[in-house]
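A.B. asks: My questions all concern the structure below.
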Amino acid sequence: MWSSEGSDLLNYVHTSSVARHIILIDPDSQTSEEAAKRCVAAVIAGSKMIFVGGSTGTDSNNVHETVKAIQETLELCSWNASQDSSSDSEMWEIPVVLFPAAANAFSPAADGITFMMLMNSTSPKFLIEEQLKGATPIKQANVTPISMGYVVCAPGGKVGEVGEANLITKNDIELITSYAICAESYGFSTIYLEAGSGANQPVSPELIRAVRKSCNLTLLVGGGIRDGKSASIAVDAGADWIVTGNLTEGFSDSHELQTTLQTFITEMNS
Ligand code: 1GP
């Protein structure tokens with residue numbers, strides 16, 4: 001469980017000499033117990049952040065239950081490790097961060113929240129309205145906001161539909177450059193290029209490279225990344241964080257998941 005203050009979380013998100021992996025947990029497609037088990041396997045494999053969220057079917061109940069179960073399990077693993085001089089209890093200090101579709105997908109038990117503008121949405125709901133609903137509860141609960149420009153690229157999947165996004169195609173180099181500069185000019189600290197969960201094609205390396213060249217934001221890439229090789233292409237193009245969701249949900253056996261993620265993370269940075 002993450003034990004440091006808000007400014008440390010931002011520092012952690014923005015500072016690393018290597019690209020890192022985020023496991024995305026969708027509370028709508030697994031029980032909180034399954035989610036916690038998968039997070040344990042991911043942390044042992046080397047994942048460095050846990051996102052909790054999904055485009056549909058999330059609300060404060062299932063999100064909060066899931067975040068609580070993950071936090072309690074990480075705390076227990078950390079305590080167990082602290083009782084054994086050959087174990088590293090610090091490895092369990094992994095932030096649990098909300099990745100919300102709307103303001104109701106909130107949990108005060110989270111360490112942080114991606115406070116995002118879906119920049120290429122055509123709906124004010126995703127540009128500012130949900131953010132207005134969420135701002136006060138987030139502040140009151142002392143959950144650290146991680147400011148984010150969120151841009152949905154083709155094929156876009158569910159989030160493209162639900163978020164009413166004008167999808168970016170792989171030839172939209174000037175447009176993605178403008179979004180990146182716009183995000184930086186707004187003062188956001190991160191930008192996320194999203195192809196949509198389960199996408200048949202991840203975000204193209206050309207788009208990632210264009211963002212990397214045009215701004216100094218911490219760059220997250222996700223959607224349709226199923227193997228270490230695809231992750232490595234995104235990292236070579238400039239991604240700082242690789243997010244995977246579906247990859248994890250296919251496993252009921254924790255050990256198998258751990259081995260798969262270990263290979264994924266090694267290949268991602270090779
Ligand atoms: C969705 O980018 C993430 O927001 C993860 O996508 O489920 O395809 O890994 P996948």
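The values are calculated or read from the model by the stated rules, or taken from the named source; none is laboratory data. Everything numeric in this text was worked out from a predicted model, so none of it was measured. For accessibility, only protein heavy atoms count, side chains too; no ligands or nucleic acids. Shrake-Rupley method; radii C 1.70, N 1.55, O 1.52, S 1.80 Å.
A.B. asks: Which far-off residues, 5 or more places away or on another chain, put their amide H under 5 Å from the one on F51, with H placed in the peptide plane?
C.D. replies: Close amide H contacts, sequence-distant or interchain: I23, L24, I25, V97.
A.B. asks: As an exercise, find the ratio Rg/Rh for the chain from alpha-carbon atoms, using the Kirkwood inverse-distance average for Rh. Display every interim value, and only then the final one.
C.D. replies: On the way: Rg = 17.3 Å, Rh = 18.4 Å.
Here the Rg-to-Rh quotient is 0.94.
A.B. asks: By what distance, in whole Å, do the Cα atoms of the stretch 23-121 stretch along each of the three principal axes, largest value first?
C.D. replies: Dimensions of the stretch 23-121 along the principal axes of its Cα atoms: 50, 25, 22 Å.
A.B. asks: Using the Karplus curve 6.51 cos²θ - 1.76 cosθ + 1.60 with θ = phi - 60°, work out ³J(HN,Hα) for each residue of the stretch 28-39 in order, rounded to whole Hz, and write x for Gly and Pro.
C.D. replies: Listing the rounded values in order: 7, 10, 7, 6, 5, 5, 4, 4, 5, 4, 5, 5 Hz.
A.B. asks: In addition: Please give the per residue accessible area of the stretch 21-131, computed with a probe of 1.4 Å over protein heavy atoms only, in Å².
C.D. replies: Details: 4370 Å² over 111 residues.
Value returned for the stretch 21-131: 39 Å² of accessible area per residue.
A.B. asks: If each DSSP helix of 4+ residues adds -39,500 (n - 2.57) and the sum is divided by the residues in the chain, what number results at 222 nm, nearest 500 deg cm²/dmol?
C.D. replies: On the way: 10 runs with 117 residues, N = 270.
For the chain, the value works out to -13500 deg cm²/dmol.
A.B. asks: Quick check: at a probe of 1.4 Å, how many percent of the accessible area of the stretch 172-264 sits on carbon and sulfur atoms?
C.D. replies: On the way: 1920 of 3970 Å².
Reported share for carbon and sulfur atoms: 48 percent.
A.B. asks: Let me check against my output: what whole-number percent is the relative contact order of the stretch 1-100, with C-alpha pairs under 8 Å and at least 6 apart?
C.D. replies: Computed over the stretch 1-100, the figure is 37 percent.
A.B. asks: Using Cα-Cα distances under 8 Å and only pairs 6 or more residues apart, what relative contact order does the stretch 159-209 have, in percent?
C.D. replies: On the way: 24 pairs, mean separation 21.8, N = 51.
Relative contact order comes out at 43 percent.
A.B. asks: As a quick test, which of the pairs K170/K229; K125/K170; K158/K229; K68/K133; K133/K229 have an alpha carbon distance above 28 angstrom in this structure?
C.D. replies: Working: K170/K229 19 Å; K125/K170 26 Å; K158/K229 25 Å; K68/K133 22 Å; K133/K229 40 Å.
Listed pairs above 28 Å: K133/K229.
A.B. asks: Could I ask something else about it? Averaging sequence separations of C-alpha pairs under 8 Å and six or more residues apart, then dividing by the length of the chain, give the relative contact order as a whole percent.
C.D. replies: Details: 564 pairs, mean separation 51.6, N = 270.
Across the chain, relative contact order equals 19 percent.
A.B. asks: Give me the percent of DSSP beta bridges within the chain that run antiparallel, rounded to the nearest 5. Show your work: numbers first, answer last.
C.D. replies: Working: 1 of 35 bridges.
Just about 5 percent of them are antiparallel.
A.B. asks: Which aspartates and glutamates have a Cα less than 13 Å from the Cα of K139, not counting those fewer than 8 places away in the same chain?
C.D. replies: D111
A.B. asks: What list of ³J(HN,Hα) couplings, whole Hz, do you get for the stretch 174-184 from phi and the Karplus terms 6.51, -1.76, 1.60, once you set θ to phi - 60° and write x for glycine and proline?
C.D. replies: These are the phi-based 3J(HN,Hα) values: 5, 5, 5, 4, 5, 4, 5, 5, 4, 4, 5 Hz.
A.B. asks: Something else now. Report the rotationally averaged projected area of the stretch 203-270 based on its alpha-carbon convex hull, in square nanometres.
C.D. replies: Numbers: hull surface 17.3 nm².
Convex hull of Cα atoms, orientation-averaged projection: 4.3 nm².
A.B. asks: On to the next question. Ordered by residue, what ³J(HN,Hα) values in Hz, to whole numbers, does the stretch 13-27 give under the Karplus form 6.51 cos²θ - 1.76 cosθ + 1.60, where θ = phi - 60° and Gly and Pro are x?
C.D. replies: With the stated coefficients, the stretch 13-27 comes to 5, 9, 10, 6, 8, 10, 5, 10, 10, 10, 8, 9, 9, 9, x Hz.
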